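Participant: Right, I'll just put the structure down here and ask away after.
The values are calculated or read from the model by the stated rules, or taken from the named source; none is laboratory data. Predicted model, so just to flag it, every value in this text is computed and none were measured. Ideal geometry is used to build each Cβ from the backbone, glycine not excepted, and the neighbour counts take in all protein chains shown.
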């Protein structure tokens, strides 16, 4: 367990190079699959993918997202925090209600992500069908976004992204973080992460 070593940097610096390398590999695979399928997100407002219930499971990704917010100009930063707080409050009052369910990610500005370079894995791999091979040899498959399923799937049913290696390496990073922090990470929605200045 973590012994209180002050040399450990919980701001994410120690993990940034490895996390960025993993993200870059995801982006390459995603770009190749998108090209193969003839798929892109141009013109989409993000309301089907940038949903309020996207959950981030890893502490290093949460820290990296917060770093992305800190890099923004002050008005945008404050607007994201304000939107996030509103969404969190809507969920607290009634997570099944339309006002909450109809919300989009607080970092979505007219269909563009304000923290695009810092977005987590769940956002980077969204939109294209995928599969994950579990250690017990079961394969879990997932569909693409509504645009992919409607416009592309019937012509390119073979296009899928294997998320397995990405999930495994992300899990390894998180296990290291757990070891250093001495505790597990609480799963948070993106809005919960962006509404807080500390983790």
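Participant: So in segment 94-108, with the set limited to residues that are in contact with a helix residue (DSSP H, G or I) (Cβ under 8 Å, 6 or more places away or on another chain) and not in a loop (DSSP other than H, G, I, E, B), which one is modelled with the lowest pLDDT?
Facilitator: 99
Participant: Considering 82, 154, which residue is part of a loop (DSSP other than H, G, I, E, B) and surrounded by fewer than 15 Cβ atoms within 10 Å (Cβ to Cβ)? Walk me through it before giving the result.
Facilitator: Working: 82 fails: part of a loop (DSSP other than H, G, I, E, B).
The unique qualifying residue is 154.
Participant: A further question on this structure: Which residues, counting only those in segment 135-150, are touching a residue at least 24 places away in the same chain (Cβ under 8 Å) and loosely packed, with under 14 Cβ neighbours inside 10 Å?
Facilitator: Residue satisfying the conditions is 146 alone.
Participant: Okay, next question. Could you list, in sequence order, the residues of segment 183-199 that are in a helix (DSSP H, G or I) and over 20 Å from residue 119 (Cβ atoms)? If you could, list the steps in order and put the result at the bottom.
Facilitator: So in segment 183-199, the residues in a helix (DSSP H, G or I) come out as 190-194.
None - no residue of segment 183-199 is in a helix (DSSP H, G or I) and over 20 Å from residue 119 (Cβ atoms), so the list stays empty.
Participant: Follow-up question, since we're still on this one. Would you pick out the residues in segment 157-182 that are part of a loop (DSSP other than H, G, I, E, B) and in contact (Cβ under 8 Å) with a residue 40 or more places away in the chain?
Facilitator: Taking segment 157-182 first, the residues part of a loop (DSSP other than H, G, I, E, B) are 157-160, 163, 182.
The answer is 159, 160, 182.
Participant: Kindly provide the set of residues from segment 123-144 that are in a strand (DSSP E or B) and either touching a helix residue (DSSP H, G or I) at 6+ places or on another chain (Cβ under 7 Å) or over 17 Å from residue 36 (Cβ atoms) (or both), ordered by number. Before you say what the answer is, go through the steps one by one.
Facilitator: Here is the first cut: in segment 123-144, the ones in a strand (DSSP E or B) are 130-133, 139-142.
Within segment 123-144, 132, 133, 139, 140, 141, 142 qualify.
Participant: Then there's this: If I ask for residues that are surrounded by 16 or more Cβ atoms within 10 Å (Cβ to Cβ) and out of contact with any helix residue (DSSP H, G or I) (no Cβ under 6 Å at 6 or more places or on another chain), which ones from segment 52-66 would you list?
Facilitator: If the condition is that a residue be surrounded by 16 or more Cβ atoms within 10 Å (Cβ to Cβ) and out of contact with any helix residue (DSSP H, G or I) (no Cβ under 6 Å at 6 or more places or on another chain), then 57, 61, 63, 66 are the ones that fit.
Participant: Test residue 152 against the stated conditions and say whether it is more than 28 Å from residue 191 (Cβ to Cβ) and out of contact with any strand residue (DSSP E or B) (no Cβ under 8 Å at 6 or more places or on another chain).
Facilitator: On the way: more than 28 Å from residue 191 (Cβ to Cβ): yes; out of contact with any strand residue (DSSP E or B) (no Cβ under 8 Å at 6 or more places or on another chain): yes.
Answer is yes for this residue.
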